[in-house]
Amino acid sequence: MSHAIIELKDIDYAFPNRDNALNGLNFHLHHGEKLGLFGPNGAGKTTMLHILMGLIKPQRGEVVLFGKTMQDGASFDEARLKIGFLFQHSDDQLFCPTVLDDVAFGPLNQGFGKDEARQKATEALKQVGLSGFEDRVPYRLSGGEKKLVALATVLAMKPEVLVLDEPTTGLSPEAKVRLIEILHGLDMARLVVSHDPDFLSATTDRLRAMRDGSIRPGELKPHTHTHVHEEGDVPHQH
Ligand SMILES: Nc1ncnc2c1ncn2[C@@H]1O[C@H](COP(=O)(O)OP(=O)(O)OP(=O)(O)O)[C@@H](O)[C@H]1O
Ligand SMILES: [Mg+2]
């Protein structure tokens, strides 16, 4: 029995008529682990997450979730109920006529009754600062609002593990601070993909890098630079 929540073994994946997007990729996330993943555009981060969620099927390799090898759609369906996955593009996540329906969808799928699911959805919307948005139409929201609703859909499920693909895209500084606070209040394991090193430092314990379709060996060590310039005695930002 494995102690990893998520294990990807020797994964190869190529989109039709393209070179491999993932090359012999190995990855694991253990219980209690809070891992950040960093890497250039096109490195294969989102592709890796879509494979671990069973949204696309690798040409080679194995996906093991909660110690069980994923064989078919049904095994992924079961595992997905315990994974809070935030899509990079919120439009892929929101498909209901109202915000409340979208956020209640996860708990309903988990088997909660209608009233309980709505209550969980209302709480999650409050958590992300969107109380009052219940009856809004998701596709008419701003980019940042969509991201927050998508986050609420994930939080409402109270999943065993969070898998977040670029959670801060489009968020204002205030919303980003709120998200950091929310994540500080949550104890579950997480994998956070982000181009924002400050956000990763604030929300994860360890940092790995991805490049050219595989995870680089070793961890990244965040570090700061000091610098000096002529305007250094005047308040300013970089
Ligand atoms: N549906 C698709 N069809 C063909 N190629 C694709 C498709 N989706 C992604 N790719 C290609 O696969 C590679 C990996 O893309 P992926 O979206 O996984 O990168 P990423 O690391 O998430 O990048 P970003 O930081 O920009 O989100 C890229 O070269 C991309 O152009
Ligand atoms: Mg991506």
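Just a few scattered comments:
- A single member of His28, His50 is within 24 Å of Ser194 (Cβ to Cβ) and within 15 Å of ligand 2 (Cβ to nearest atom), and it is His50.
- Strands (runs of 3 or more DSSP E) contained entirely in the range 1-52, each with at least 3 residues that are over 24 Å from Lys82 (Cβ atoms) and either in contact (Cβ under 8 Å) with a residue 60 or more places away in the chain or in contact with a Phe, Trp or Tyr (Cβ under 7 Å, 6 or more places away or on another chain) (or both): 20-30
- Per-region count, the range 58-79, residues within 16 Å of ligand 1 (Cβ to nearest atom) and either loosely packed, with under 13 Cβ neighbours inside 10 Å or at pLDDT below 95 (or both): 1
- Some residue of the range 202-218 being at pLDDT 90 or above, assigned to a strand (DSSP E or B) and surrounded by fewer than 16 Cβ atoms within 10 Å (Cβ to Cβ): yes
- Yes/no for Gly84 being within 16 Å of ligand 2 (Cβ to nearest atom) and crowded, with 16+ Cβ neighbours inside 10 Å: no
- Counting only residues that are farther than 21 Å from Arg190 by Cα and out of contact with any Ser or Thr (no Cβ under 7 Å at 6 or more places or on another chain), the range 138-159 holds 7 of them.
The values are calculated or read from the model by the stated rules, or taken from the named source; none is laboratory data. Just so it is clear, the structure is predicted and the values come from calculations on it, not from any experiment. So basically every Cβ, Gly included, is an ideal-geometry build from the backbone, and we count neighbours across all protein chains shown.
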